Amino acid sequence: YNCNNFIDIGSGKGDIVRYVDSLGLRSEGIEIDNTLKKYNTDLNIHFKSAYNHDYSKYDIIYLYRPMESKDKMDKLFEKISSDIKSNTIIIYLFPHFFEEFFPNYFYALRSFKEETDSKLIQIVSKFNLNIIKTGQFNTGDLIDEYIILKK
């Protein structure tokens, strides 16, 4: 993908932002937890609510389950989809087992084979996004799921 501007929503300690910086992209993060500032002194991290940020300049938006409730994620997807330009890529990741811990979490899928179509259709139609790719990858002992969306 042709991209220059990257943002990690829910950047935590900034590991992803640091990695993307090392690739030569302009990277930023958003993190609401001010106690994590000590880990991010050398990074461009905005310590504020993700709902109060303008996403229009980014080519790639990365989310690794930044919020656990459907209402909060709906609000975030609504904000992102209203801000972003055409061709913006959204990479959304979450642990495969996530729904076991948060059974009411709409955006976590137990199995792409069983549930992807119905849930993703709701996500993409509600927020005017297109599915580029879905899949799984092994992160050691766990399996993570990912969805790549595009405006």
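When the test is whether a residue is under 22 Å from Ser82 (Cα atoms) and crowded, with 17+ Cβ neighbours inside 10 Å, Leu63 passes it. Within region 60-69, the set of residues being closer than 18 Å to Ile32 by Cβ and either in a helix (DSSP H, G or I) or modelled with pLDDT of 70 or more (or both) comprises Ile61, Tyr62, Leu63, Tyr64, Arg65, Pro66, Met67.
In region 1-27, of all residues being in contact with a helix residue (DSSP H, G or I) (Cβ under 7 Å, 6 or more places away or on another chain) and free of Cβ contacts under 8 Å to residues at least 40 places away in the same chain, the one that is nearest to Phe77 (Cα to Cα) corresponds to Ser11. The residue pairs whose first member lies in region 72-93 and is more than 25 Å from Phe137 (Cβ to Cβ), whose second member is surrounded by fewer than 16 Cβ atoms within 10 Å (Cβ to Cβ) and small (Gly, Ala, Ser), and whose beta carbons are closer than 9 Å, counting only pairs six or more residues apart or on different chains, are Asp83/Ser56; Lys85/Ser56.
The values are calculated or read from the model by the stated rules, or taken from the named source; none is laboratory data. Computed from a prediction, not measured in an experiment: that's the story for all the values here. Don't worry about glycine lacking a Cβ; one is built from the backbone with ideal geometry, like all the others, and counts go over all protein chains shown.
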